[in-house]
1. What percent do you get for the relative contact order of the chain when only Cα pairs under 8 Å and 6+ apart count?
2. Roughly what angle does helix 113-124 make with the longest principal axis of the chain, taking Cα atoms, 0 to 90 degrees, to the nearest 10?
3. Among LYS80, LYS60, LYS112, whose mean-square fluctuation peaks in a Gaussian network model of the chain (Cα, cutoff 10 Å)?
4. Quick check on the exposure proxy: order SER53, SER30 from fewest to most C-beta atoms within 10 angstrom.
5. Using DSSP to define loop residues, name the GluC sites (Glu not before Pro) in the stretch 1-74 whose beta-carbon has at most 13 other beta-carbon atoms within 10 Å.
6. Helix-derived [θ] at 222 nm for the chain: sum -39500 (n - 2.57) over DSSP H runs of at least 4, divide by residue count, nearest 500?
7. Along the charge dipole of the chain, pointing to its positive end and built from +1/-1 on Cβ of Lys, Arg, Asp and Glu, which listed residue (HIS95, ASN5, GLY24) has its Cα farthest out?
8. Quick one: which residues, 5+ away or cross-chain, put their amide H under 5 Å from the amide H of THR27? H built at 1.01 Å from N.
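Since every read-out is calculated from the coordinates, none of them should be taken as a lab result. Not measured: the values here are computed from a predicted model. Backbone-built Cβ (ideal geometry, glycine too); neighbour counts: all protein chains shown.
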Amino acid sequence: MLKLNELKQGNLVMVNDEGVLREGRVTDISHADNQVLLNNGIQEFWFNPEDLSAIALDEKQLFNLGFTGEAFENGMKYKKEAVRLVTPQKNDFTHIEMWYREDRRSFHAPLKVHELQNLYYDMTKVYLEKA
């Protein structure tokens, strides 16, 4: 279950749609009704927060978001324009160093895709969407 205050328009999440897990993009949030409008590529539908779950951040998700990867002696560096993410090794997202220009942040727990999207926007003022 995700909290509504964690989500922003454009965030990618998983939805349990009558027993079928699907990826969806947040298109609207109704705090009054406590629901999220998701587009799953076929249709838009309102869902309750308990039907939503986060997508774990991994290399595949980063590539889907337009990042490229580069191995180096101390781990992996993922790049998209001026944003950099460094991990201790390939597919190890337990520790992440993220920076954009002089804004540098460290995370000591795995991030979720929607969290990365929100951080990317906070740092760059550009929405991070699938490439």
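1. Rounded, it is 19 percent for the chain.
2. 60
3. In the Gaussian network model the winner is LYS60.
4. Exposure proxy ranking, most exposed first: SER30, SER53.
5. When the GluC sites (Glu not before Pro) of the stretch 1-74 are filtered for loop state and at most 13 Cβ neighbours within 10 Å, GLU18, GLU73 remain.
6. So the calculated ellipticity at 222 nm is -4000 deg cm²/dmol.
7. Of the candidates, HIS95 comes out farthest on the positive side.
8. Under 5 Å from the amide H of THR27: GLY10, LEU37, LEU38, ASN39.
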